[in-house]
Amino acid sequence: MKKKIADQAQVSKLISECVEGLSRYLVDGKTVFIGIQTRGAVLAKRMIRELAAQGRDFPLGILDITLYRDDFTQVGKSPVVRETRIDFDIEDQVVILVDDVLYTGRTIRAALDEITDFGRPRQVKLAVLIDRGGRELPIQADVCGQQVKTSDGEVKVMMKETDGEDAVFLIRGEDK
Amino acid sequence: MEKSLHDIENLTRDDLELILATSEQFREISERRVKKVPTLRGKTICLFFIENSTRTRISFELAAKRMSADLINFSASTSSLQKGESLTDTVKTIMAMGVDLFVIRHSAPGSSRRVEQVAGVPVINAGDGPHAHPTQALLDLFTIYRHKKKIEGLKVAIIGDIYHSRVARSNIFSLTRMGAEVVLCGPPTLIPREIEKLGVQVTYSVDEACKMADVIMCLRMQLERQQSGMFPSMREYIQLYRIDEKRVSLAKDDVIIMHPGPMNRGVEIIPEIAYHHRSVIEEQVTNGVATRMALFYLLLGRGNEETAD
């Protein structure tokens with residue numbers, strides 16, 4: 001079973017809500033965005049675009065956490081390594097870390113380790129579009145678009161840039 | 001990709017493209033403040049060098065360290081370690097201490113396959129006599145790709161002692177597989193007969209080889225392998241085959257000049273060209289680390305698959 005729980009308009013609204021939720025952390029010239037590959041990077045870019053419309057500019061970095069995964073020796077084939085690009089110094093900055101779905105927390109754990117190798121940020125704040133519960137590590141989002149309770153399902157965020165449309169799906173059973 | 005990297009022949013075009021794409025991502029790591037990722041923590045890599053090497057060995061060592069692997073450095077002079085059974089025994093001994101991947105350099109062709117048979121873990125051939133030097137060919141391919149954004153259709157001139165060169169052999173396979181036009185040039189005695197069958201052209205005129213070339217790849221004159229009288233004289237070689245400004249000027253304006261090192265200054269290439277703005281020789285060295293990190297990553301990330309067999 002595959003159920004659309006947010007369409008394009010609702011996704012835009014969720015992103016705007018995240019941006020609003022982030023406003024109290026944003027300090028001009030002292031805040032940077034880092035999006036996790038691939039949909040987190042797209043989301044971060046959208047958030048920055050929205051802020052730019054308000055006349056506020058923030059740099060965007062892209063992070064691929066593949067090399068920091070804790071299950072490298074358990075996955076079959078080496079996963080494809082995608083681009084990491086952080087062209088600015090993160091030392092003493094407020095880092096807004098962005099991902100599409102927060103689930104076990106393991107991706108965020110990997111991202112925090114990787115960010116630390118780039119420098120020592122003053123703070124790291126986590127923004128996600130969907131929090132679906134199911135944490136395996138003590139990690140929580142600071143800003144979250146929507147909470148989705150899934151006992152047996154999966155949440156799939158789609159973005160126009162990567163998937164052709166903006167939508168959030170709840171997938172259960174055989175369609176997983 | 002296969003379990004080990006013995007030579008280029010066994011790599012498909014898809015494999016080569018995967019290695020190129022992965023190398024590109026690993027290059028960025030060497031530009032970070034902390035030039036290290038934790039990916040291969042707990043993995044042990046043995047550098048098993050039975051033949052001399054500086055740059056290849058350092059490059060592999062750095063690649064392993066930047067991936068957080070543990071490293072065993074094993075070297076022996078050719079005289080103290082005989083081929084055949086004693087190589088087998090040495091590998092068995094090292095294996096008994098737990099090694100996840102071997103990098104081997106040995107003067108005997110096929111030695112890396114032998115090590116794989118004995119060790120049962122992935123092996124990377126870092127040069128087996130005159131046979132193959134696949135990681136050099138891969139870093140060369142990566143360097144060309146970074147500059148030209150493609151390989152297909154490029155004219156690559158490989159100049160020098162083709163006969164003794166494992167670098168040339170491996171490059172011929174990788175470049176032709178990716179669709180480049182390869183032109184070999186050198187003294188007739190140092191070009192193997194019927195090598196055209198590999199899909200390359202042969203010319204004895206350097207000017208012709210360099211004409212409109214996208215890449216000029218010089219080979220090291222392997223003076224230590226020239227006891228058989230196949231080498232003309234040094235003077236003749238320099239006159240006819242050395243790469244200088246005049247020859248480079250025949251190539252395309254955006255030609256890149258490559259050399260696998262170590263260079264015999266003034267023999268196969270003049271220093272002015274080696275340090276020319278079109279030279280990418282130092283970049284080859286930088287890219288070598290990224291390419292070897294990518295190979296460690298691709299060959300060691302097999303997890304369950306390996307425990308299954």
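Looking at the range A:151-174, which of the residues that are part of a loop (DSSP other than H, G, I, E, B) and modelled with pLDDT of 95 or more is farthest from A:S12 (Cα to Cα)?
A:G164
Quick one: in the range A:69-90, of everything that is among the hydrophobic types (A, V, I, L, M, F, W, C) and at the interface with chain B (Cβ under 7 Å from one of its Cβ atoms), which residue is surrounded by the fewest Cβ atoms within 10 Å (Cβ to Cβ)?
Ranking the candidates gives A:V75 first.
Filter the range A:117-144 down to the residues that are within 14 Å of chain B (Cβ to nearest Cβ) and in contact with a strand residue (DSSP E or B) (Cβ under 9 Å, 6 or more places away or on another chain), then identify the one that is nearest to A:I36 (Cα to Cα).
A:F118
Which numbered condition trips up B:A157, out of (1) buried (at least 23 other Cβ atoms within 10 Å of the Cβ); (2) farther than 24 Å from B:I270 by Cβ?
Only one criterion is unmet by B:A157, namely (2).
Taking only the range A:1-40 into account, find how many residues are among the aromatic types (F, W, Y) and more than 14 Å from the chain's Cα centre (by Cα).
Residues meeting the conditions: 1.
Table: residues versus (1) without any contact (Cβ under 8 Å) to a residue 12 or more places away in the chain; (2) within 14 Å of chain A (Cβ to nearest Cβ); (3) out of contact with any Ser or Thr (no Cβ under 6 Å at 6 or more places or on another chain).
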| residue | (1), (2), (3) |
| --- | --- |
| B:R66 | no, yes, yes |
| B:N73 | no, no, yes |
| B:D89 | yes, no, yes |
| B:R105 | no, no, no |
| B:V118 | no, no, no |
| B:V123 | no, no, no |
| B:G129 | no, no, no |
| B:A132 | no, no, no |
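Please indicate, with yes or no, whether at least one residue in the range A:157-176 is hydroxyl-bearing (S, T, Y), in contact with a helix residue (DSSP H, G or I) (Cβ under 9 Å, 6 or more places away or on another chain) and farther than 26 Å from A:S23 by Cβ.
Scanning the range A:157-176 turns up at least one residue that is hydroxyl-bearing (S, T, Y), in contact with a helix residue (DSSP H, G or I) (Cβ under 9 Å, 6 or more places away or on another chain) and farther than 26 Å from A:S23 by Cβ.
Mind checking which residues of the range B:184-202 are surrounded by fewer than 17 Cβ atoms within 10 Å (Cβ to Cβ) and either in a loop (DSSP other than H, G, I, E, B) or at pLDDT 95 or above (or both)?
Of everything in the range B:184-202, those that are surrounded by fewer than 17 Cβ atoms within 10 Å (Cβ to Cβ) and either in a loop (DSSP other than H, G, I, E, B) or at pLDDT 95 or above (or both) turn out to be B:P192, B:R193, B:E194, B:E196, B:K197, B:L198, B:G199, B:Q201.
Out of the range A:41-68, which residues are within 8 Å of another protein chain (Cβ to nearest Cβ) and over 15 Å from the mean Cα position of the chain (by Cα)?
A:L67, A:Y68
Just a yes or no: is a residue in the range A:52-66 over 30 Å from B:K3 (Cβ atoms), touching a residue at least 60 places away in the same chain (Cβ under 8 Å), in contact with a Ser or Thr (Cβ under 8 Å, 6 or more places away or on another chain) and surrounded by 21 or more Cβ atoms within 10 Å (Cβ to Cβ)?
no
Condition check: under 21 Å from A:C144 (Cα atoms), more than 14 Å from every other protein chain (Cβ to nearest Cβ) and in contact (Cβ under 8 Å) with a residue 60 or more places away in the chain. Does A:G105 satisfy that?
Taking the combined requirement at face value, the residue does not satisfy it.
Among the listed residues B:E181, B:E194, identify the single one that is in contact with a strand residue (DSSP E or B) (Cβ under 8 Å, 6 or more places away or on another chain), of a type in the set (D, E) and not assigned by TED's automatic domain parsing to the domain that holds B:S53.
The match here is B:E181.
Collect the residues in the range B:20-52 that are surrounded by fewer than 17 Cβ atoms within 10 Å (Cβ to Cβ) and either in contact with a helix residue (DSSP H, G or I) (Cβ under 7 Å, 6 or more places away or on another chain) or more than 14 Å from chain A (Cβ to nearest Cβ) (or both), keeping them in residue-number order.
Those that are surrounded by fewer than 17 Cβ atoms within 10 Å (Cβ to Cβ) and either in contact with a helix residue (DSSP H, G or I) (Cβ under 7 Å, 6 or more places away or on another chain) or more than 14 Å from chain A (Cβ to nearest Cβ) (or both): B:S30, B:R32, B:R33, B:V34, B:K35, B:K36, B:N52.
From the list B:A209, B:A213, which residue is in the same structural domain as B:K150 (by TED's automatic domain parsing), assigned to a loop (DSSP other than H, G, I, E, B) and either in contact with a strand residue (DSSP E or B) (Cβ under 8 Å, 6 or more places away or on another chain) or closer than 22 Å to B:L139 by Cβ (or both)?
Answer to the selection: B:A213.
For B:N264, work out the one condition from (1) in contact (Cβ under 8 Å) with a residue 12 or more places away in the chain; (2) exposed (fewer than 12 other Cβ atoms within 10 Å of the Cβ); (3) more than 30 Å from A:R82 (Cα to Cα) it doesn't fulfil.
(2)
Inside the range B:127-137, can you point out the residues that are part of a loop (DSSP other than H, G, I, E, B) and modelled with pLDDT of 95 or more?
B:A132, B:H133
State the number of residues belonging to the range A:38-51 that are surrounded by fewer than 19 Cβ atoms within 10 Å (Cβ to Cβ) and farther than 17 Å from A:S16 by Cβ.
Counting residues in the range A:38-51 that are surrounded by fewer than 19 Cβ atoms within 10 Å (Cβ to Cβ) and farther than 17 Å from A:S16 by Cβ gives 1.
The values are calculated or read from the model by the stated rules, or taken from the named source; none is laboratory data. The shown structure was predicted, so the numbers you read here are calculated from the model rather than taken from an experiment. Every residue, glycine as well, gets a Cβ built from its backbone with ideal geometry; the counts of neighbours run over all protein chains shown.
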